[in-house]
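This report refers to the structure that appears directly beneath it.
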Amino acid sequence: MAERASPLIVGAGPAGIRAAITLAAAGLRPSVIDEAHACGGQIYRQPLALDGRDDRARYGSDAAKASRLHRDFAALGTGVDYRPRSLLWNLGDGVADVLRDGVSQRLSYDGLILATGATDRVLPIPGWTLPGVFTLGGAQVALKAQGCAIGRRVVFAGSGPLLYLVAWQYVKAGVDVAAVLDSAPLSAKFNLLRALPLAPGIVLRGLRMAAELALRGTRVQLGVSGLRIEGEGRVARIVYRSASCEHAIACDGVGYGLNLRSETQAADLAGCAFRFDPRDRAHLPVRDVSGRSNVAGVYLAGDGAGIAGADAAEAAGERAALALLEDRGLPHDPPRADVLERALATIDRLRDALEAAFPFPSHWAAGLADDALLCRCEDISAGEARRAIGDFALTEMNRLKAVTRIGMGRCQGRMCGAAAAELLAAQTRREVGAVGRLRAQAPIKPIPLAAGLSVDERQHDPAH
Amino acid sequence: MTRRIDCDVAIVGGGLVGSSAALALRSMGFSVVLLDKGFCGAQASGVNYGGVRRQGRPPEQLPLSQRSHAIWPRLQQLIGIDGEFLRSGHLKLARSAADMASLEHYAADVAPFELDLELVGHNQLRERFGIAGDIVGGSFCPGDGHANPRLVATAFAAAAGRAGAEVLERTKVTGASRTFEGFALEAGDVAIKARAVINSAGAWADSFAAAFGEPVPLERTYPSMIVTEPLDPFLSVNIGIEGGGIYARQVTRGNVVVGGERAAPLADSDFSRPRSDGVLTIMQRASELFGPLRHAQAIRFWSGTEATMPDRNPVIGPSATTPGLIHAFGFSGAGFQIAPGVGEVLAELVRDGRTSTPIDAFSITRFSPASQPGDASQAAMTTGSKETSP
């Protein structure tokens, strides 16, 4: 009998790392592909170059978790086939297409754990593409990985736990954080009481951060609306409404985001079924408590299959790996699986409470100005989208894409898709779950045409 | 509750053929119902390469193709948008002396149709069109061009709707039979009586034809395309290659669309995805041919489901078994340019029983010369079924 191919893990964040450790401990040698230069994912991202800061300075109260994951993964050594700086651009029938250093390679696998993570969820606001505006995650990466701030005087706006965390990290780093503008009203924050018994540490830490921000002179404003960013050529101020008054704050950097969205294209290409998830307001790949998808041999873990945070990602990565071991007929530690599932169930209840405390501003889409840019890559405004929806009686996302080009550019809808769905739903008076989802196609991210050239052909390139 | 509709013509399949027929029939005053199991223009009409080309078609297609040629520049007035139609010219390249000879033969063969083909040598290709690589020569058809497939069929259907056609999307025809007065169609909770029926169901047209006693050897093919990020303009013409390979065009926005190879169907053969090795081959050939593509990124791939006939000619014309039924399908990957003309021809067939444009070569009888007129009054069918012909 031929030897079975190794499992493939996509993503080396907390979910991918725990999955790799679990598989390696069982004697398998998984391949791990990851776009970053070093393991850790977004949350525990490592610096490109040593900058004199230690983990404590970089990751704050998460430093112990970050250090442990980095260390445990490094300890695997040759026990994993680790491929950093590698972009998965297509998947199918047990073969992954991976781009590394400009060359495309085919990688066979038997068993696939997708730990693809998340990106910021952004809904357009006027001025959101001005230089100086970053997503919350982007602002955090600048600080964490590169040790630089997005401005000298910065405002953070939007919603989600990350809003306060990033603002606090900036203050700690010595940046002038002028304001935190939270779209959720005070009433929503009472849901944190529900979260308190589930995760007292997390909730108290969040409250402490908010209090420290206020103490250090950052204006913390709840229930803001009508956000817009203004400036000639770059950010000069952010304007918002609160208690029916309009306010403006001068700043040269804005971090903005509305929680996170899952990176699901790989699951789509792997053939996973999707369902609409009301909490994330997104179509997500279907998985059971163990992380098994509806496709045999394909497992889902971490934020890529639904937003739940880094702790859940670690647990889900390990749980999915145990499922893979079980399905492969290897020892798989059922008691440990139970512990992990219980932990995940608790985090799931916590997520309900947190989502209620940082609710998505679902009224946003109806109020978006016609001249606001909706699709950055293809330069499509909200007004153009609305006109096409009317002219062609559009009710479905892929048709909206076909007619308007929304989601057809470099990002393939990863950035604008959620916003476009909200707009289409608002315009056609449907629930956002009823307008469908953009079907993923390869390439998951852009790849150079030269990836099709052989090494010899490349050397004949006159430009080199 | 079942909704009843009485109309002159029911059109099964809202691609570019069905949609343009709907619009032409409305302009003649017929009442029209246009049905699509999904969305109008979402299948082959909407996901093809976008070539608007007469050059390379067999002579028997050229009268129809010339008829369409006159329609393309009038899209703005006809459907309200220009469909990004560009009369860029179509340049077909020859990679060998033998290929060049066949381009020369073709030019001589189709001379009576006045395509104004111009044979171009190696040096001129470089000077006029910036074509690099091992190319012997080419044949240039200045009146051909390209357009945006995602927009044209969709806009034809929308225009037909504005002109009074009843457009029923997400409405799959689940039963059809010939009655004394015409046809009875069932589609979801809609029951339609129609005096004539047009079968323009593309890759799903074979089961409809078979239900009326006319099986055809239709096969599904899946093209594959890549699109680059927007680039500075470098490619002014629509490019094809004699003997196949790749085809390429650059849109006004700057993106370059390159097609070639075949995609692979998914488990549900209504859907397909480009194959990795296929797109890598396209990318390799494209970057060999066009210098600027060597440093470009591919941002998107796509595929679609096309209906291909063994002789690569479409089926257009009246059914041989069933009066009032007219077929128009199987455009074999080359339907986009010709479809608006086909729409006009179908409308003429409904109104007059004949058309001024020769279509004899496309008769369905070429696949079933001995077919028995079946008991069509009992025919019941399911479109979109898995019963594709071998």
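Quick one: B:Arg312 ticks every box in (1) within 16 Å of the chain's Cα centre (by Cα); (2) among the basic types (Lys, Arg); (3) within 30 Å of A:Val295 (Cα to Cα) bar one, so which box is it?
Single failed check for B:Arg312: (3).
Determine, yes or no, whether A:Ala184 is part of a loop (DSSP other than H, G, I, E, B), farther than 15 Å from A:Gly138 by Cβ and of a type in the set (A, V, I, L, M). Quick ask: steps written out before the conclusion?
Working: part of a loop (DSSP other than H, G, I, E, B): yes; farther than 15 Å from A:Gly138 by Cβ: yes; of a type in the set (A, V, I, L, M): yes.
The answer is yes for A:Ala184.
From the residues in the range A:202-233 that are charged (D, E, K, R) and part of a strand (DSSP E or B), which one is nearest to A:Arg349 (Cα to Cα)?
Of all residues in the range A:202-233, those charged (D, E, K, R) come to A:205, A:208, A:212, A:216, A:219, A:228, A:230, A:232.
From the residues that got through so far, the ones that are part of a strand (DSSP E or B) too are A:219, A:228, A:230.
Values: A:Arg219: 30, A:Arg228: 34, A:Glu230: 39 Å.
Among residues in the range A:202-233 that are charged (D, E, K, R) and part of a strand (DSSP E or B), the one nearest to A:Arg349 (Cα to Cα) is A:Arg219.
Could you tell me which numbered condition A:Leu374 fails, if it satisfies all but one of (1) more than 22 Å from the chain's Cα centre (by Cα); (2) in contact (Cβ under 8 Å) with a residue 40 or more places away in the chain?
Result: A:Leu374 fails condition (1) only.
If we only count helices (runs of 4 or more DSSP H) wholly inside the range B:1-108, which ones have 3 or more residues that are charged (D, E, K, R) and more than 21 Å from the chain's Cα centre (by Cα)?
Counting at least 3 such residues, we get no helices (runs of 4 or more DSSP H) at all.
Among the residues of the range B:274-292, are any in a strand (DSSP E or B), facing chain A (nearest Cβ under 8 Å) and more than 21 Å from B:Gly333 (Cβ to Cβ)? Don't jump to the end; show me each part of the working.
Going through the range B:274-292, the residues in a strand (DSSP E or B) turn out to be none.
No - not one qualifying residue is present in the range B:274-292.
From (1) assigned to a strand (DSSP E or B); (2) within 11 Å of chain A (Cβ to nearest Cβ), pick out the condition that doesn't hold for B:Ala176.
The one condition B:Ala176 does not meet is (2).
How many of the residues making up the range B:303-325 are in a strand (DSSP E or B) and crowded, with 24+ Cβ neighbours inside 10 Å?
The first filter runs over the range B:303-325 and keeps only residues in a strand (DSSP E or B), leaving B:303, B:306-308, B:315-318, B:325.
Now restrict to residues that are crowded, with 24+ Cβ neighbours inside 10 Å: B:303, B:306-307, B:315-316, B:325.
Here the count works out to 6.
Being assigned to a loop (DSSP other than H, G, I, E, B), within 14 Å of another protein chain (Cβ to nearest Cβ) and closer than 24 Å to B:Ala42 by Cα is the requirement here; does B:Ala267 meet it?
Considered against the rule, which asks whether it is assigned to a loop (DSSP other than H, G, I, E, B), within 14 Å of another protein chain (Cβ to nearest Cβ) and closer than 24 Å to B:Ala42 by Cα, B:Ala267 comes out as yes.
For A:Ile202, are the conditions met, namely being of a type in the set (A, V, I, L, M, F, W, C), at pLDDT 95 or above and buried (at least 16 other Cβ atoms within 10 Å of the Cβ)?
So A:Ile202 does not fit the description; no.
Give the residues of the range A:29-41 that are surrounded by fewer than 21 Cβ atoms within 10 Å (Cβ to Cβ) and either β-branched (Val, Ile, Thr) or under 23 Å from the mean Cα position of the chain (by Cα) (or both), sorted by residue number.
If the condition is that a residue be surrounded by fewer than 21 Cβ atoms within 10 Å (Cβ to Cβ) and either β-branched (Val, Ile, Thr) or under 23 Å from the mean Cα position of the chain (by Cα) (or both), then A:Glu35, A:Ala36, A:His37, A:Ala38 are the ones that fit.
Tally time: how many residues in the range B:226-246 are buried (at least 21 other Cβ atoms within 10 Å of the Cβ) and either of a type in the set (Gly, Ala, Ser) or within 16 Å of the chain's Cα centre (by Cα) (or both)? So that I can check it myself, show each step before the final result.
Start the filter on the range B:226-246 by keeping residues that are buried (at least 21 other Cβ atoms within 10 Å of the Cβ), which leaves B:226, B:228, B:235, B:237-240, B:242, B:246.
Cutting the leftovers down to either of a type in the set (Gly, Ala, Ser) or within 16 Å of the chain's Cα centre (by Cα) (or both) gives us B:240.
Within the range B:226-246, residues that are buried (at least 21 other Cβ atoms within 10 Å of the Cβ) and either of a type in the set (Gly, Ala, Ser) or within 16 Å of the chain's Cα centre (by Cα) (or both) number 1.
Conditions: (1) of a type outside the set (Asp, Glu); (2) under 28 Å from A:Gly206 (Cα atoms); (3) buried (at least 21 other Cβ atoms within 10 Å of the Cβ). A:Leu99 meets all but one. Number of the miss?
The single condition A:Leu99 does not satisfy is (2).
Residue-wise test of (1) within 30 Å of A:Arg430 (Cα to Cα); (2) of a type in the set (Lys, Arg).
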{"residue": "A:Arg279", "(1), (2)": "yes, yes"}
{"residue": "A:Leu284", "(1), (2)": "yes, no"}
{"residue": "A:Asn294", "(1), (2)": "yes, no"}
{"residue": "A:Gly302", "(1), (2)": "yes, no"}
{"residue": "A:Gly309", "(1), (2)": "yes, no"}
{"residue": "A:Glu341", "(1), (2)": "no, no"}
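What tally of residues in the range A:392-412 results from selecting those that are more than 7 Å from every other protein chain (Cβ to nearest Cβ), in a helix (DSSP H, G or I) and surrounded by 22 or more Cβ atoms within 10 Å (Cβ to Cβ)?
Counting residues in the range A:392-412 that are more than 7 Å from every other protein chain (Cβ to nearest Cβ), in a helix (DSSP H, G or I) and surrounded by 22 or more Cβ atoms within 10 Å (Cβ to Cβ) gives 4.
Find all pairs meeting these conditions: Cβ atoms under 6 angstrom apart; at least six residues apart or on different chains; first residue within the range A:431-446 and facing chain B (nearest Cβ under 10 Å); second residue surrounded by fewer than 20 Cβ atoms within 10 Å (Cβ to Cβ) and in a loop (DSSP other than H, G, I, E, B).
Going by the 6 Å Cβ cut-off, the qualifying pairs are A:Pro446/A:Arg410.
One line per residue, one yes/no per condition, for (1) assigned to a strand (DSSP E or B); (2) touching a residue at least 60 places away in the same chain (Cβ under 8 Å); (3) in contact with a helix residue (DSSP H, G or I) (Cβ under 6 Å, 6 or more places away or on another chain); (4) more than 14 Å from every other protein chain (Cβ to nearest Cβ):
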{"residue": "B:Phe140", "(1), (2), (3), (4)": "yes, yes, no, yes"}
{"residue": "B:Leu151", "(1), (2), (3), (4)": "no, yes, no, no"}
{"residue": "B:Ala159", "(1), (2), (3), (4)": "no, yes, yes, no"}
{"residue": "B:Ala191", "(1), (2), (3), (4)": "yes, yes, no, yes"}
{"residue": "B:Ala194", "(1), (2), (3), (4)": "yes, yes, no, yes"}
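I need the full set of residues from the range A:100-144 which are part of a strand (DSSP E or B) and away from every other protein chain (no Cβ under 14 Å), in order please.
A:Arg100, A:Leu112, A:Ile113, A:Leu114, A:Ala118, A:Thr119, A:Asp120, A:Val133, A:Phe134, A:Thr135
May I ask you to list the residues in the range A:234-255 that are in contact with an Asp or Glu (Cβ under 7 Å, 6 or more places away or on another chain) and in a loop (DSSP other than H, G, I, E, B)?
A:Val235, A:Ala236
The values are calculated or read from the model by the stated rules, or taken from the named source; none is laboratory data. From a predicted model like this one, the values you see are computed outputs, not experimental measurements. Glycine also receives a Cβ, built like all others from the backbone with ideal geometry; neighbour counts cover every protein chain displayed.
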